[in-house]
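> Here's a structure for you.
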Amino acid sequence: MGCGRRLGGAGVSEENGEPDGDVEPAEGLDPPQGDLTTTESVLTAEATPRFERAARRADAWRGFFFAAPTYLYMLIFFVAPLGIVTMYSFATRNRTGGTDLEGWNLASYARLDEPIVRTIVFRSLWLAVVTTVICLLIAYPFAYFMATRTPRVRNLMLVFVMIPFWTNFLVRNYAWRVILENDGIWNDTAEATQTDTVVDWLLDLPHWMQWAIPDWIENLPSPLFSEVGIVLGLVYGFLPFMILPLYASIERIDLSLVEASRDLYASGRQTLRRVLIPLSKPGIVAGSILVFVPSLGAYVTPQILGGDKETLLGSYIVVQFLTARNWPFGAALSVVLLGIMLIATQIYFRNEGRTL
Amino acid sequence: MSAGPARPRGTTRVALTANAVLVYVFFFAPIAILAVFSFSDDRLVGRWGGFTTSWYGDFWADELLKDSMWMSVRVAVLSTFVSVILGTMAALALERFRWKTQRFFDAVLYLPIIIPDVTMAVMMLLFFTWGFDITNDVFGTEFSKGFGTITLSHIAFNISFVSIVVRARLAGMSLELEEAARDLYATRWKTFRHVTLPQITPGIAGGALLALTLSLDDVVITQFVSGPGATTLPVRVFSMIRKGITPVINAVSVVMLVASLVLVALSLLIQRLRGGSITG
């Protein structure tokens, strides 16, 4: 009986209508009509005794029955909303700020060409790319370090990556707000009441370390309410999303290959470029997408650490709904965001993803 | 496998170790600082003014915050309960049976995991607005956004996460035991009840914890589907932060942090029991 797990993916069932995947009620046990032209289905039809086919059909019904409640739920509360967003994106905004579900048009999509919208889209893309690259640069050496530890140390390290992964995202971003807030832990510009700020501490380091501290640090503004603050918050938020798939794929590499490469006089850099990186590519792709996609649609982080000055795609969409009351335009932007996400995940699955 | 020889030496090793240490400092220092300053007796959130627990008292005295906390708990528990049942059934249907339109269902089930929060939030807002317009017109009912809409939206994304975790568990399980049970004339139900279910229980528990965490964490989607006065704790905190931060927010954040940590601890416990993979 046992249908192999990968069986469905082979795609036999859908092209030639093999009864395997059939959920139609079993009206008699005739072989599917009109499909006997291909030799393949003739063979399967002949090779499969009738009762077995009936059993499979019953099995298909059972599967469908198990899925049905969830299926129905997802159709109502996910697929339908998806359709409605798409519908709204073609609708018209009326004078009172409401939405007329008539006179369908592409005006909302045409607005993507406006300079301000383009600036926002490109700024969001840029910050998402910067965040992804920084995460990659930090996470790769970290994941490699982790993968080369003994199993005990490795598990312990993993636990302490899982903690931030599971910890409330809002709270973790807020923690940075507390640190960077003016006249707080970072610096103390207004009143000189508190001496132990991070900047003070850096300036108080012993002499032999002072060379690393540039003079301008004294007047360094807090990165709060700037693009630096946003990237900081995003990197902080999504770094575990990069570490976990990278670790999963590096750990799977046979590390004796690294040794072999070194034995054959490859330099460390060559080994990294020719051996490690190609072998860990699935992890790199998976991690990058897991960081890039949420960074692109980020809303909470820019609001908490970026202030209102640096408008990004996520905030801009929210504004369309909560303040500007231009729902069709907001819906169109959401559809565009979804489109970018779908393209990214296509790349992910092409690279035999599903590492997470 | 001894990872010994592939371990880097010399300066590379120093650099890698330093990087690892810095990553951990980066991860945990902000959280620790937040926890410490939630006990600071100063109106400015980031300034130390002596030890106090009064901000926690303020949090407890704030009816709005307390209401939204209970709302969070209720939404999280109910949405987890429903999504565990639906998600597990979906996982079984996808891993153990072959049927028509299965691949479509599979794709639909994957989408909530990868969809940006903002897009999903917009979807749910428009869906409920449009749907309520119709139902209120046709049936003369007065539905409005609140507990119900928040819970329905949370179930919609939680189902996917539960099913992915349970599926990973089912996929890693060998079919032999189930087949043996069937060969020994156990009914399908008995096979499920006595063979499959005990084996996937850790997966279900893991999925449930993930669902609880996600539900307690969510800000964007909840903000869009909550009604006036009826919302969850993270959304309340988020709107407070935007109005201007106060030490009370520090205290609330630490409470939320502790809740997350309890869930992490539980999930690690479960992971130890099943001795398995990272997230699946």
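> When only Cα pairs under 8 Å and 6 or more residues apart are kept, what is the percent relative contact order across chain B?
29
> Let me ask something else. Taking amide H atoms as placed 1.01 Å from N in the peptide plane, list the residues 5 or more away in sequence, or in a different chain, whose amide H sits under 5 Å from that of A:T92.
Under 5 Å from the amide H of A:T92 lie the amide H atoms of A:D100, A:E102, each far enough along the sequence or on another chain.
> At 27 angstrom or more along the helix axis (alpha-carbon based) and mean Kyte-Doolittle of 1.6 or higher, what helices does chain B contain? Whole DSSP H runs only.
B:10-37, B:247-274
> What is the extension gain from B:A35 to B:V14, computed as 0.36 nm multiplied by their sequence separation minus the C-alpha to C-alpha distance, in nm to one decimal?
Once the chain is fully extended between B:A35 and B:V14, it gains 4.5 nm.
> On average, how many beta carbons from a partner chain sit within 10 Å of the beta carbon of a residue in A:326-332?
If you average over the peptide's residues, the count of other-chain Cβ atoms is 2.
> Could you check the simple spin-label distance between B:L261 and A:E102, using points 7 Å along Cα→Cβ, in nm with one decimal?
6.0
> Between A:L264 and B:F104, what is the label-to-label distance in nm when each label sits 7 Å out along the Cα-to-Cβ direction?
5.0
> Applying 1/(1 + (r/R0)^6) with R0 = 30 Å to the Cβ-Cβ distance of A:R95 and A:V133, what FRET efficiency is obtained, to the nearest 0.05?
For A:R95 and A:V133, the calculated efficiency is 0.10.
> Place the peptides B:212-224, B:104-116 in order of packing, highest mean first, counting for every residue the other Cβ atoms within 10 Å and averaging per peptide.
Descending mean neighbour count gives B:212-224, B:104-116.
> Now a separate question. Can you pull the mean other chain C-beta count within 10 Å for peptide B:22-34?
6
> Something else now. Can you run phi through the Karplus equation (6.51, -1.76, 1.60; θ = phi - 60°) for segment A:323-330 and list ³J(HN,Hα) in whole Hz, with x for Gly and Pro?
10, 6, 6, 10, 5, x, 5, x
> Taking R0 as 41 Å, what FRET efficiency do you get between B:S174 and A:L156 from their Cβ-Cβ distance, rounded to the nearest 0.05?
The formula returns an efficiency of 0.85 here.
> Evaluate the distance, in nm, between pseudo-label points positioned 7 Å from the Cα of A:E114 and of A:D204 along their respective Cα→Cβ axes.
Placing both labels 7 Å beyond Cα along the Cβ direction yields 5.1 nm.
> To continue, here is another question. Among rounded, prolate and oblate, which fits segment B:1-130 when a ≥ b ≥ c are the square roots of the eigenvalues of its C-alpha gyration tensor, a/c under 1.5 means rounded, and a/b larger than b/c means prolate?
The shape class here is oblate.
> Multiply the residue gap between B:F132 and B:R242 by 0.36 nm, knock off their C-alpha separation, and tell me the result in nm, one decimal place.
In short, 36.7 nm is gained.
> Let me know the shape class of segment B:62-274, please: from the alpha-carbon gyration tensor, a ≥ b ≥ c as square roots of the eigenvalues, rounded when a/c is under 1.5, otherwise prolate if a/b is greater than b/c, or oblate.
Oblate, since a/c reaches 1.5 and b/c is not below a/b.
> Ok, one more. Using protein chains only and a probe of 1.4 angstrom, how many square angstrom of A:E114 are accessible, to the nearest 10?
The accessible area comes out at roughly 70 Å².
> May I pose another question? For peptide B:187-199, compute the average count of partner chain beta-carbon atoms within 10 Å of each residue's beta-carbon.
That average works out to 0.
> On the full set of protein chains, 1.4 Å probe, figure out the accessible area of B:F157 and give it in Å² to the nearest 10.
10
> With all protein chains present, calculate the accessible area of B:D137 using a 1.4 Å probe and round the result to the nearest 10 Å².
Rounded to the nearest 10, that gives 130 Å².
> While we're looking at this one, here's another question. So how far, in whole Å, is the C-alpha centre of segment B:18-63 from the one of segment A:73-115?
The two parts, judged by their Cα centres, are 43 Å apart.
> Grab the DSSP H runs of chain B that are 4 residues or longer, score each as -39,500 (n - 2.57), total them, divide by all residues and round the 222 nm result to the nearest 500 deg cm²/dmol.
-25000 deg cm²/dmol
> Can you give me the C-alpha center-to-center distance between segment B:98-156 and segment A:247-303, rounded to a whole angstrom?
Value for the Cα centre distance between the two parts: 37 Å.
> Calculated FRET efficiency, B:S144 and A:R252, Cβ-Cβ r, R0 35 Å, to nearest 0.05?
0.10
The values are calculated or read from the model by the stated rules, or taken from the named source; none is laboratory data. Predicted model only: the values in this text are computed from it and were never measured. Every residue, glycine as well, gets a Cβ built from its backbone with ideal geometry; the counts of neighbours run over all protein chains shown. Heavy atoms of the whole protein, side chains included, go into the accessibility calculation; ligands, DNA and RNA do not. Shrake-Rupley method; radii C 1.70, N 1.55, O 1.52, S 1.80 Å.
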